[in-house]
Amino acid sequence: MTLTRIYSFIALAVLGLVGLEACAGKQAPHELHLFIWANYIDPEVYRLFEQEFGVKVIEENVDSNETLILKLQAGVTGYDIITPSDYAVAALIRQGLLAELELSKIPNFQNISQRFRGLYYDPQNRYSIPYLWGTTGIGYNAQKLESPPTSWADLFEPSRLERYKHRVSMLDDPREALGAALKYLGYSVNSTDPQQIEAAKNLLLAQKPYLARYDSETYDDFLLSGDLVMAHGWSGEFAKARLENPAIRYVIPQEGGVIWTDNLAIPTSSQKIELAHTFIDFLLRPQINARIVNFLRYPSANDAAKPYILPEILHDPSIYPPDEIRERLEWIRDVGAAVQLYERAWEEIKSR
Amino acid sequence: MNARILLWPGFAWLVLFFAVPLGIILLISLAHRAPDGMIHWGISAENYLRLLDPLYWAGPFGNSLVLAALTTIVSLLLGYPVAYAIARRSGPVKNLLLFLVILPFFTNFLVRIYAWFILLRPEGWIAWLLRALGLDLGLLGSPLGVLIGLVYGYLPFMILPLYATVERLDFSLVEAAQDLGASRWQSFWRIIFPLSRPGVIAGAVLVFIPVLGEFITPKLLGGGKVPMFGVLIEEKFLGRVPDWPLGAAMALVLMSLVLLVLARYFHQLKESRWVG
Amino acid sequence: MGRLRRWADRIIESLLVLDTLLVYIFLYLPIGVLVLYSFSASRYALVWGGFSLDPYRRLFADPEIAPALLNSVVVAAVSTAIATILGTLLALAFERARLRLQGSVEALVYLPIVIPEIVMAVGLLLFFAQVLRPFFSALGLTLGPMPAVLLGHVTFSISYVMVVVRARLRDLDRSLEEAAFDLGATSWQVLRRVTLPLLAPAILSGALLAFTLSLDDFYVTYFSTTGGSGFKTLPLYLYALQGRAAIPPQMNALATLMLLASVTLIALALLIQRRTRRA
């Protein structure tokens with residue numbers, strides 16, 4: 001009995017586990033691996049797909065575009081379908097991490113609305129297909145506010161915030177938070193002018209003492225619990241929260257807000273590119289797509305799905321904004337070297 | 001006993017699975033991030049030069065230092081009597097009390113944070129109670145809220161090492177001292193506490209140092225309004241405008257600073273043992 | 001003088017008891033809240049929606065929960081066992097021997113405590129993706145998710161165990177060990193029969209810390225798994241439940257059940273301990 005025995009035990013344990021995994025580690029051919037947002041697809045859809053194609057869909061979850069990019073950039077493989085947002089598609093294309101799509105294998109691409117084809121980040125839809133979309137604006141609790149917010153001023157003017165001190169949150173995201181401030185000041189969310197960004201920074205610094213939190217994850221919880229009365233956030237979260245409490249509303253401020261898409265794409269490292277095409281095509285079927293919209297309450301880029309979408313969703317202006325509001329929405333684009341101005345402004349806001 | 005045979009398994013493990021990944025982090029810290037987020041490999045000190053900026057140190061690092069120190073002191077004050085109380089019991093009761101310290105942590109971090117949300121939220125009953133007492137403390141989104149969360153999360157890391165050293169002490173020494181006329185306080189302060197110093201130091205190391213790089217608790221309970229160095233680093237990896245090279249440089253500088261302090265401390269310790 | 005001192009002693013004594021009591025209340029305050037809210041009808045964790053058993057029903061209906069729980073327990077148990085052995089040996093090496101370059105070796109062993117978790121996770125992610133997995137596939141092998149996660153967990157736990165064990169070892173009376181040597185025991189016998197039993201409380205404390213570290217870990221686990229494995233530990237599962245926001249109450253239900261299971265196991269262990277004592 002010596003130490004060597006203990007060591008050989010450890011070595012054997014580790015080797016044993018590695019060996020076990022080596023046998024089990026191979027991917028089964030009848031599986032498709034998704035790396036998507038949590039609760040983003042109605043599980044019933046997976047069942048229907050399995051029924052029709054005999055392929056099991058396995059979902060793994062990612063919380064943010066940044067984590068998705070980080071993992072793919074680091075060389076992690078094994079994912080067949082991802083759902084990056086617009087700016088993340090641009091970043092992934094730049095790094096050569098997205099496989100080229102063969103649209104001939106996705107006939108249901110024709111269901112995609114004309115206004116969602118060829119968007120700025122992928123002008124020929126060579127790598128991505130818009131799937132769901134949404135906006136960034138202000139969610140609020142109608143019972144706790146005297147008058148509903150209509151303008152970014154409600155979120156930025158100290159005179160209006162005074163009443164709701166420590167009851168308001170902003171997204172913990174430099175482009176979104178500075179973007180909202182830029183919008184309020186009448187500039188573009190993609191401004192590259194140092195003075196405009198400086199002005200937006202000062203606006204956020206003046207707002208900070210009134211905020212309860214910078215929060216991109218739990219603001220809907222706090223809005224429902226009554227601790228927040230107003231929150232800067234994404235439309236879909238408020239639509240879901242509204243199911244829980246009808247007093248939760250969402251508005252795109254009159255100055256305009258941000259529009260974004262989530263897209264279906266295939267990483268270059270996927271071993272099942274054929275199958276991934278089949279699944280994307282399946283998701284674009286009108287009825288399947290409508291099922292997902294009814295489940296998630298995010299608007300879809302799919303025109304053919306509209307007849308199957310619940311009217312209460314389709315006619316809800318906070319989910320499907322009317323055209324005159326849509327014209328005031330802006331994409332958050334890549335701003336080139338100016339991104340350093342945003343980074344710096346955000347560091348100053350968050351570090352003080 | 002041949003020391004090398006004790007050393008090599010753990011050391012080899014850490015070289016392979018820690019030093020090599022750390023080397024990768026070092027390489028990243030020397031690289032250049034282009035405006036489009038791409039990393040261009042190379043060797044440059046630019047990220048370290050950017051760290052000369054006082055913005056990173058005054059707020060975030062200063063806060064981390066103060067909160068780490070406070071967390072350590074508060075957990076020591078709260079934890080020492082507990083470790084002492086456990087160590088003086090015997091048999092099943094001792095083990096039961098010990099397990100009760102760690103039991104809350106057999107749940108899940110996020111679930112516990114949410115429980116703290118419920119307790120600390122402005123419409124919650126603690127805030128209501130405080131308001132009734134005339135205190136309007138914003139607990140969530142304030143350094144105090146972060147401190148509460150940190151002390152909660154790190155208390156076992158103070159109590160367990162303390163317990164492990166106090167348990168070994170010979171309490172008959174205390175009785176002997178008392179027989180000789182020392183008060184309990186004197187016998188504790190002159191005999192027990194000095195003998196449990198290694199435990200105090202181990203607890204302090206396991207609380208102070210990880211808190212310096214802590215980011216989840218400050219992010220959630222601080223609501224992004226309490227700047228801390230760990231949060232800054234996390235944002236450089238998982239934020240909307242990622243900057244891995246800068247984040248890597250920040251982490252390495254933080255680690256070097258801590259090592260310098262630790263090295264000084266170990267140096268002192270060795271000298272004191274030499275003399276003693 | 002004597003009376004004054006007795007008073008002072010009594011005050012100190014009661015303060016100690018009060019502190020201990022307060023600490024246990026502090027530790028269990030959020031646990032009480034969590035158990036209470038595991039019976040909430042709301043789909044959002046911060047809202048009390050009235051009493052309901054729905055969170056438990058939803059929990060039991062979920063087929064993913066059992067494998068996630070099993071993975072978590074296996075990873076925590078195995079990584080704790082390995083880290084406790086390696087950490088204890090390191091503590092022995094540092095305290096019982098003079099090593100060359102001890103300073104630099106110690107620095108390496110303390111660094112995993114110092115490094116922010118996200119940085120360690122990213123380092124391991126790149127190490128797995130760029131170094132270890134290519135190496136394995138060159139050998140015709142695959143590094144599965146479980147060993148990868150185990151590697152990470154052992155790595156961040158070793159140092160914690162080492163620090164706790166070393167603290168007890170530092171001033172441990174060596175006369176017992178020396179006496180055993182004098183009686184002709186081999187170094188292995190001394191280690192097993194004398195040193196390790198004396199270290200037991202520290203080893204247990206270190207192991208408990210390693211176990212909770214592993215059970216709670218999110219980032220290292222998340223970044224150590226590749227696609228296609230579907231491998232989830234509890235934190236990963238809860239994170240998936242969480243959606244893009246909103247933690248649902250079945251998380252509280254799950255935590256409550258985990259507490260119940262732990263309490264049962266501990267109670268059983270204590271009962272057995274008592275029996276064997278009597279016998």
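In table form, for the structure just shown:
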{"read-out": "Among the candidates C:Pro55, C:Pro67, residue that is in a helix (DSSP H, G or I), in contact with a strand residue (DSSP E or B) (Cβ under 8 Å, 6 or more places away or on another chain), touching a residue at least 40 places away in the same chain (Cβ under 8 Å) and not small (Gly, Ala, Ser)", "value": "C:Pro55"}
{"read-out": "Enumeration of residues in region A:329-348 that are assigned to a loop (DSSP other than H, G, I, E, B) and either buried (at least 16 other Cβ atoms within 10 Å of the Cβ) or of a type in the set (A, V, I, L, M) (or both)", "value": "A:Leu329, A:Ile332, A:Asp334, A:Val335"}
{"read-out": "Residue match in region A:246-266 (condition: part of a helix (DSSP H, G or I) and touching a residue at least 24 places away in the same chain (Cβ under 8 Å))", "value": "no"}
{"read-out": "Residues satisfying the stated conditions in region B:110-130, i.e. touching a residue at least 12 places away in the same chain (Cβ under 8 Å), of a type in the set (D, E, K, R) and either more than 9 Å from chain C (Cβ to nearest Cβ) or outside any helix (DSSP H, G or I) (or both)", "value": "B:Arg121"}
{"read-out": "Of the criteria (1) farther than 24 Å from C:Ile118 by Cα; (2) at pLDDT 85 or above, which one C:Gln250 fails", "value": "(2)"}
{"read-out": "Yes/no for C:Ala185 being more than 7 Å from every other protein chain (Cβ to nearest Cβ), surrounded by fewer than 21 Cβ atoms within 10 Å (Cβ to Cβ), touching a helix residue (DSSP H, G or I) at 6+ places or on another chain (Cβ under 6 Å) and more than 22 Å from A:Glu66 (Cβ to Cβ)", "value": "no"}
{"read-out": "Check on A:Val62, away from chain C (no Cβ under 12 Å) and buried (at least 23 other Cβ atoms within 10 Å of the Cβ)", "value": "no"}
{"read-out": "Region C:121-153, subset more than 7 Å from every other protein chain (Cβ to nearest Cβ) and under 20 Å from B:Pro210 (Cα atoms), residue surrounded by the most Cβ atoms within 10 Å (Cβ to Cβ)", "value": "C:Gly152"}
{"read-out": "Whichever residue in region A:68-97 is facing chain C (nearest Cβ under 8 Å) and not in a loop (DSSP other than H, G, I, E, B) and, among such residues, is surrounded by the fewest Cβ atoms within 10 Å (Cβ to Cβ)", "value": "A:Leu70"}
{"read-out": "Identity of the residue in region A:120-129, modelled with pLDDT of 95 or more and touching a strand residue (DSSP E or B) at 6+ places or on another chain (Cβ under 7 Å), that ends up farthest from A:Arg326 (Cα to Cα)", "value": "A:Tyr127"}
{"read-out": "Test for C:Ala179: is it outside any helix (DSSP H, G or I), farther than 19 Å from B:Val166 by Cα and at pLDDT below 90", "value": "no"}
{"read-out": "Region A:303-317, residues that are part of a loop (DSSP other than H, G, I, E, B) and surrounded by fewer than 19 Cβ atoms within 10 Å (Cβ to Cβ)", "value": "A:Asp303, A:Ala304, A:Leu310, A:His315, A:Asp316, A:Pro317"}
{"read-out": "Whichever residue in region A:267-287 is within 14 Å of A:Tyr127 (Cα to Cα) and polar (S, T, N, Q) and, among such residues, is surrounded by the most Cβ atoms within 10 Å (Cβ to Cβ)", "value": "A:Ser270"}
{"read-out": "Residues of region C:1-52 satisfying the condition of being at pLDDT below 90 and β-branched (Val, Ile, Thr)", "value": "C:Ile11, C:Ile12, C:Val17, C:Val47"}
{"read-out": "Output for region C:60-91, where each listed residue is within 13 Å of chain B (Cβ to nearest Cβ), crowded, with 22+ Cβ neighbours inside 10 Å and among the aliphatic types (A, V, I, L, M)", "value": "C:Ala76, C:Ile82, C:Ala83, C:Ile85, C:Leu86, C:Leu89, C:Leu90, C:Ala91"}
{"read-out": "Evaluation of A:Ala180 against (1) away from chain B (no Cβ under 14 Å); (2) under 23 Å from A:Ile325 (Cα atoms) (one fails), failing number", "value": "(1)"}
{"read-out": "Top-ranked residue in region A:224-245 [being part of a loop (DSSP other than H, G, I, E, B) and out of contact with any helix residue (DSSP H, G or I) (no Cβ under 8 Å at 6 or more places or on another chain); ranked as surrounded by the fewest Cβ atoms within 10 Å (Cβ to Cβ)]", "value": "A:Gly226"}
{"read-out": "Pair list, Cβ under 6 Å, 6 or more apart: region C:182-197 residue modelled with pLDDT under 85, other residue surrounded by fewer than 17 Cβ atoms within 10 Å (Cβ to Cβ) and outside any helix (DSSP H, G or I)", "value": "C:Trp188/A:Thr2"}
{"read-out": "Residue within region C:206-217 that is assigned to a helix (DSSP H, G or I), within 14 Å of the chain's Cα centre (by Cα) and within 20 Å of C:Asp62 (Cβ to Cβ) present", "value": "yes"}
{"read-out": "Criterion violated by C:Glu117 - all others in (1) charged (D, E, K, R); (2) more than 10 Å from chain B (Cβ to nearest Cβ); (3) touching a residue at least 12 places away in the same chain (Cβ under 8 Å) satisfied", "value": "(2)"}
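This table checks each residue for (1) farther than 25 Å from A:Leu243 by Cβ; (2) in contact with a Phe, Trp or Tyr (Cβ under 8 Å, 6 or more places away or on another chain); (3) not assigned by TED's automatic domain parsing to the domain that holds A:Ser113.
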site	(1), (2), (3)
A:His277	yes, no, no
A:Leu283	no, yes, no
A:Val293	no, no, no
A:Leu310	no, no, no
A:His315	no, no, no
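The values are calculated or read from the model by the stated rules, or taken from the named source; none is laboratory data. Computed from a predicted model, the values in this text were never measured in an experiment. Positions of Cβ are generated from backbone atoms using ideal geometry, with glycine treated the same way; all protein chains shown enter the neighbour counts.
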